[in-house]
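Undergrad: Shown below is the structure under consideration.
The values are calculated or read from the model by the stated rules, or taken from the named source; none is laboratory data. Because the structure is predicted, anything quoted here is derived from the model rather than measured. Cβ atoms come from the backbone with ideal geometry, glycine included; neighbour counts cover every protein chain shown. With ligands, DNA and RNA removed, areas are computed over all heavy atoms of the protein, side chains included. Shrake-Rupley method; radii C 1.70, N 1.55, O 1.52, S 1.80 Å.
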Amino acid sequence: MHWVLLVLLVVAGIILLVGLIIRACHVFLPPDQFWLTKEQLDFIDHLFQLAGSGFLGGLMTRYLTRNIED
């Protein structure tokens, strides 16, 4: 089970990295070279918001459980 979770974490990290690279390209490239629509970019932004809030929530939960137990 540990290895499955680790593989899923790595795959999720790779997907987020690819999404970040695509989003950065759409920020720095000229508008005539964009290949995604506004809706697709909004979807990528929404995924980043979900991943960021999940990451911060996990960190806060971990911090609080360690400090409450001590």
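Undergrad: I need every pair where a residue in segment 50-69 that is free of Cβ contacts under 8 Å to residues at least 60 places away in the same chain has its Cβ under 6 Å from the Cβ of a residue that is surrounded by 10 or more Cβ atoms within 10 Å (Cβ to Cβ), sequence separation at least 6 or different chains.
TA: Pairs that qualify, where the first residue is free of Cβ contacts under 8 Å to residues at least 60 places away in the same chain and the partner is surrounded by 10 or more Cβ atoms within 10 Å (Cβ to Cβ), are ALA51/LEU16.
Undergrad: State all residues of segment 38-57 that are within 15 Å of LEU20 (Cβ to Cβ), open to solvent by less than 100 Å² (accessible area, probe 1.4 Å) and out of contact with any His (no Cβ under 9 Å at 6 or more places or on another chain); if no residue qualifies, say none.
TA: GLN40, ASP45, HIS46, LEU47, PHE48, LEU50, ALA51, GLY52
Undergrad: Quick one: in segment 19-57, of everything that is among the charged types (D, E, K, R) and more than 14 Å from the chain's Cα centre (by Cα), which residue is nearest to LEU9 (Cα to Cα)?
TA: Selected residue: GLU39.
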